[in-house]
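Below you'll find the structure, written out as structure tokens, and then a few comments.
Any read-out appearing in this document is the output of simple, stated calculations on the displayed coordinates, not a laboratory observation. Owing to the predicted nature of the structure, the values given are computational and were not obtained by experimental measurement. Cβ placement follows ideal geometry from the backbone for every residue including glycine, while neighbour counts extend to all protein chains displayed.
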Amino acid sequence: MPLPVTGGDGDTIWTMRMPKNKLVRPVTEESLDAARLELGVDFQDAECLLISEVKVLLEAQYDSKKEEKNLDEVYTKTLEYVQKFSRYTNRDTIKEVRALLKPTELEPFECAQLGNLCCSEYEEAKSLVPSIGSRISDEDLDSLLKQMDSLKKYQG
Amino acid sequence: MFFHKKLSHTITLHPSFLGPRMREYVTKRLYKDVEGTCTGRYGYIVAVVAILDIQTGKIIPGQGSAEFEVKYSAILFKPFRNEVIDAVVETVNPMGFFANAGPLRIFVSLTLVPADMKLDLDSNPPSLRSDDQKIEKGTLVRVKLSGTRVDATSIYGIGTIKEDYLGVIE
């Protein structure tokens with residue numbers, strides 16, 4: 001609807017008032033970014049699993065799946081992958097790693113990444129999981145990584 | 001990244017299944033419909049962990065089939081941009097190399113490989129070599145995903161190993 005706007009020298013200039021754009025831009029794949037911990041509405045608060053935890057869960061299902069001849073490609077490829085890259089061999093070690101990570105200020109995604117990547121120093125961890133930023137001090141992170149490393153070294 | 005998430009799915013059962021073993025059919029159908037699928041929103045649904053609730057079925061007027069809304073929890077695998085992930089090299093070709101991280105296929109272009117690694121197509125299998133590292137089929141590599149693409153049935157990743165702490169894993 002045209003509105004009158006008075007110009008500086010007294011002339012009236014007609015202008016249009018544009019309606020406010022009420023359309024909210026939908027979240028696209030491009031806006032999701034692990035470095036800034038933007039995982040989208042579905043995964044922002046979701047529980048992240050360690051590769052070792054996935055291995056425990058998938059192996060538990062293996063026998064029944066094999067019996068029913070229900071082994072699909074995604075399952076077998078994922079099982080092979082988690083068996084190859086699992087860092088912790090038994091459930092107790094996994095529980096202890098989770099207990100180490102729980103009291104920190106780290107987000108679930110960051111905890112799972114640290115458990116999966118097993119960095120040896122805090123610089124490596126901060127480089128590979130940049131969203132950590134200054135949420136945890138360098139000394140605390142270093143001590144956490146060393147404790148996780150000794151759990152891995154001395155697990156049964 | 002692997003996630004454990006609660007999801008919901010609607011199963012439609014033909015009237016011939018509405019009998020004594022109905023719940024069993026519903027669970028079997030759920031496993032068949034949902035496991036191994038891939039969507040842009042949830043990534044790969046690797047496995048159903050537990051069935052949380054099967055709501056009372058609703059008969060569809062005019063058809064006789066019944067609709068059940070099933071709530072279940074599942075292991076999802078969804079890759080994100082800028083996520084660092086470990087993978088196994090599958091092939092090396094003149095454009096770069098392909099690596100697999102479970103069901104996800106990642107392509108790393110030669111331009112995103114450190115300059116000191118040179119392509120060696122004459123070796124068997126073809127490989128990328130530098131003074132102290134070699135990338136060939138079966139090598140374990142740490143890759144950072146710079147982007148993902150989703151098509152009807154799978155997700156593809158584009159990766160780089162040109163940054164610190166990435167590349168061959170000992």
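Laid out as a table, the results:
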read-out: Over chain B, relative contact order from alpha-carbon pairs under 8 Å, at least 6 apart, %; value: 21 percent
read-out: For residues of B:31-39, the mean tally of beta carbons on other chains within 10 Å; value: 3
read-out: Average partner coverage of A:41-49, which counts Cβ from other chains inside 10 Å; value: 5
read-out: Two-decimal log10 I(q)/I(0) for chain B, as the Debye equation yields it once each C-alpha is a single scatterer, q = 0.13, 0.16, 0.20 Å⁻¹; value: -0.70, -0.88, -1.18
read-out: Charge-dipole axis of region B:84-168 as Lys and Arg at +1 and Asp and Glu at -1 on Cβ define it, positive-most pick from B:160, B:104, B:85; value: B:104
read-out: Assigned charges on the beta-carbon of Lys, Arg, Asp, Glu; region B:2-77 dipole about Cα centre (debye); value: 80 debye
read-out: Assigned charges on the beta-carbon of Lys, Arg, Asp, Glu; chain B dipole about Cα centre (debye); value: 820 debye
read-out: Net dipole in debye of the protein assembly as shown [+1 Lys, Arg Cβ; -1 Asp, Glu Cβ; about Cα centre; nearest 20]; value: 1260 debye
read-out: Fewest-first sequence of B:24, B:69, B:35 by Cβ atoms within 10 Å of each Cβ; value: B:24, B:69, B:35
read-out: Subset of A:55/A:152; A:146/B:6; A:65/B:137; A:69/A:95; A:77/A:102; A:65/A:95 violating a 22 Å alpha-carbon distance limit; value: A:146/B:6; A:65/B:137; A:69/A:95; A:77/A:102; A:65/A:95
read-out: For residues of A:66-76, the mean tally of beta carbons on other chains within 10 Å; value: 4
read-out: Size of region B:84-168 as Cα extents on the principal axes (Å, biggest first); value: 39, 27, 19
read-out: Least to most buried among B:44, B:165, A:122 (fewest other Cβ within 10 Å first); value: B:165, A:122, B:44
read-out: Fewest-first ranking of A:87, A:135, using other Cβ atoms within 10 Å as the exposure measure; value: A:135, A:87
read-out: All-pairs alpha carbon distance profile, region B:117-165, 5 Å steps from 0, percent; value: 5, 16, 19, 22, 17, 12, 7, 1, 0
